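To keep things clear, I will list the structure first and then write my remarks on it.
Each reported figure results from applying straightforward, stated rules to the coordinates on display, with no laboratory input. Note that the structure is a prediction, hence the values are computed from the model and not measured. Here the Cβ is made from the backbone with ideal geometry for all residues, glycine too, and neighbour counts use every protein chain on show.
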Amino acid sequence: MSLVSILILVGLSLGVHLASLLPFTRRFRIQLLLILSVVVIYWLQPGLPIRGLDFWLPTATVFIAVLGWLLTAQPEERAYRSNLHTYFLLTMLILVIALTRYLGATTFLTPSRPPQIHLVIAALLVVSLFFFALQKLHKTPGTLLALAIFALLLLFILLKLPSLTLAASSTLRGFTGQSRELASAFDIRWLGFSYIAFRLIHTLRDRQTGHLPALSLEEYLVYMLFFPAFSAGPIDRAERFIKELRQPEAPGAKNLAAGGERLLIGLFKKFILADTLAMIALNGQNAGQVQGAGWLWLLLLAYSFQIFFDFSGYTDIAIGLGHLMGIRLPENFNAPYLKPSLTRFWDNWHITLTQWFRAYVFNPLTRLLRTKARTLPAWLVILITQLSTMVLIGLWHGMTLNFILWGLWHGFGLFINNRWSSAAHPLTTRVQARPALNHLVTALSILLTFTYVSLGWVWFALPDVSTSLKVLASLFGIGGGA
């Protein structure tokens with residue numbers, strides 16, 4: 001996201017802030033948030049070489065969110081007339097965006113000209129008929145919720161696995177009359193799908209367990225599409241976000257100051273620190289050009305801080321935009337490189353992602369193994385669950401062997417951390433009783449944890465296993481260079 005794009009989002013957030021101050025527009029605040037969020041996802045969607053796809057993907061995002069609400073809402077919630085008004089507003093908004101194709105060759109809401117209007121109308125009619133039929137369900141069967149989760153996972157795999165994405169690109173090019181030979185795995189870049197998939201699975205799973213609060217269609221869509229957090233998180237939970245949406249902080253100087261401060265911090269992290277470090281950070285191009293372990297360590301350290309400042313900078317910007325609109329988003333980073341153990345690191349790095357996987361992967365898998373496989377020793381249960389969770393986090397970033405190895409690196413690290421913490425508990429107690437020694441041990445633990453995490457970034461930063469192994473060897477003076 002460019003600096004200009006962020007400044008435009010700041011302007012939109014200030015517009016919501018102003019609307020919250022005026023009695024006449026205050027009651028339309030949620031509708032305004034919905035309209036802006038829908039427009040922004042079309043606007044931020046990157047241009048794609050497949051004709052019309054950069055219009056259809058945001059449209060699919062909107063209607064997948066509507067489908068999520070239909071599957072999770074109780075029958076009495078679906079019957080409210082206000083939900084019909086929201087759906088009508090949504091379809092009219094999409095039609096208006098589609099009509100911008102007739103404003104000339106230059107587009108301003110979509111990266112390329114939207115498809116022909118009759119195709120958009122036909123798609124809206126088909127989807128609306130399907131939704132109307134689904135709305136008549138007296139109760140959403142549990143199997144349908146499970147199928148929806150499974151479909152989301154399949155779609156995620158399709159978008160992350162290059163061979164499947166390439167096949168999908170070739171198929172879509174055939175539909176649009178474009179050359180299949182030019183198909184590429186990069187032809188399909190669906191802005192924000194990973195994050196909306198997390199929110200959808202969260203609401204579908206919580207409906208299965210009966211923990212999802214009652215939400216109107218309007219509220220559900222704002223939760224799914226809230227533009228500050230849409231493309232880069234944090235991954236909020238519905239029950240927490242809805243409280244903020246229904247009872248926002250009163251607009252005024254306090255919110256403006258808090259939002260402005262976080263925005264400035266985020267902009268400094270991203271555009272000054274991260275972008276500067278990116279010029280020397282480890283990557284596939286410079287890994288084979290550097291001679292000497294010292295220079296490689298410098299590149300690796302630059303990457304470690306670059307990825308932190310980049311990601312946490314975007315989080316600060318999202319939180320700052322939320323503040324301007326009276327909505328507090330959850331924190332996502334809390335000085336993770338200053339934590340004395342790998343467990344503590346993951347409790348403070350991409351916090352909402354860690355919490356999501358803990359709630360929907362680690363804890364359920366642990367309960368399953370302890371109840372269905374009672375003969376398994378506790379240490380093996382811990383090893384299986386930590387490896388499984390971290391490999392899945394790696395695959396979420398990309399379905400390549402390097403990301404799997406990155407997940408295994410952290411999974412084994414967390415397991416060793418867990419076993420050491422248990423075995424060394426008496427020693428830790430004695431060390432903590434001596435302040436000077438405790439400070440020294442803590443400092444060494446922070447250094448060791450940071451080094452381990454940084455070495456793990458080698459798998460993350462480089463494109464293939466061969467290059468990664470050469471760099472890891474060269475970092476310790478083994479071999480003749482990367």
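Structure summary
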| item | result |
| --- | --- |
| Loop-located trypsin sites (Lys or Arg not before Pro) in the range 312-392, at most 14 other Cβ atoms within 10 Å (DSSP) | Arg374 |
| Cα centroid separation - the range 444-482 against the range 155-221, whole Å | 33 |
| Average Cα contact separation per residue, the range 165-229, under 8 Å, 6 or more apart, as relative contact order % | 25 |
| For the chain, size of Cβ-based charge dipole, Lys and Arg +1, Asp and Glu -1, in debye | 940 |
| Gap separating the Cα centres of the range 386-426 and the range 230-270, nearest whole Å | 31 |
| Overall Cα dimensions of the range 1-53, principal axis frame, Å, largest first | 45, 23, 9 |
| Given charges at beta-carbon only (K, R positive; D, E negative), |dipole| of the range 33-143 in Debye | 160 |
| Assigned charges on the beta-carbon of Lys, Arg, Asp, Glu; the range 3-246 dipole about Cα centre (debye) | 160 |
| Angle in degrees between helix 465-475 and the longest Cα principal axis of the chain, rounded to the nearest 10 | 40 |
| In Å, descending, principal axis extents of the Cα set of the range 355-438 | 46, 32, 20 |
| All lysines inside 16 Å of Lys243 as judged from Cα atoms, apart from same-chain residues fewer than 8 positions distant | none |
| P(r) of the range 169-316 over all Cα-Cα pairs, binned every 10 Å from zero, in whole percent | 9, 22, 25, 25, 15, 3 |
| Highest average packing first - 186-198, 54-66, Cβ atoms within 10 Å | 54-66, 186-198 |
| Calculated [θ] (222 nm, deg cm²/dmol) that DSSP helices of n ≥ 4 give over the chain, each run adding -39,500 (n - 2.57) | -22500 deg cm²/dmol |
| Kirkwood Rh in Å, taken over the range 333-475 so that all alpha-carbon pairs contribute | 16.5 |
| Fully extended contour minus Cα-Cα distance, from Thr429 to Leu448, at 0.36 nm per residue | 4.9 nm |
| Inter-probe distance in nm under a simple model that places probes 7 Å from Cα toward Cβ, at Arg180 and Val126 | 2.1 |
| Using a Förster distance of 41 Å, the FRET efficiency for Ile280-Phe150 (Cβ separation, nearest 0.05) | 0.40 |
| Computed Kirkwood radius, in angstrom, where 1/r is averaged over Cα pairs of the range 3-246 | 19.0 |
| Reciprocal mean inverse distance between Cα atoms of the range 425-482 - Kirkwood radius, Å | 13.7 |
| Over the chain, equivalent-ellipsoid semi-axes from the Cα gyration tensor in Å | 40, 27, 25 |
| Principal-axis tilt of helix 3-21 within the chain, Cα atoms, nearest 10 degrees | 60 |
| Chymotrypsin sites (Phe, Trp or Tyr not before Pro) within the range 419-482, DSSP loop, no more than 16 other Cβ atoms inside 10 Å | Phe476 |
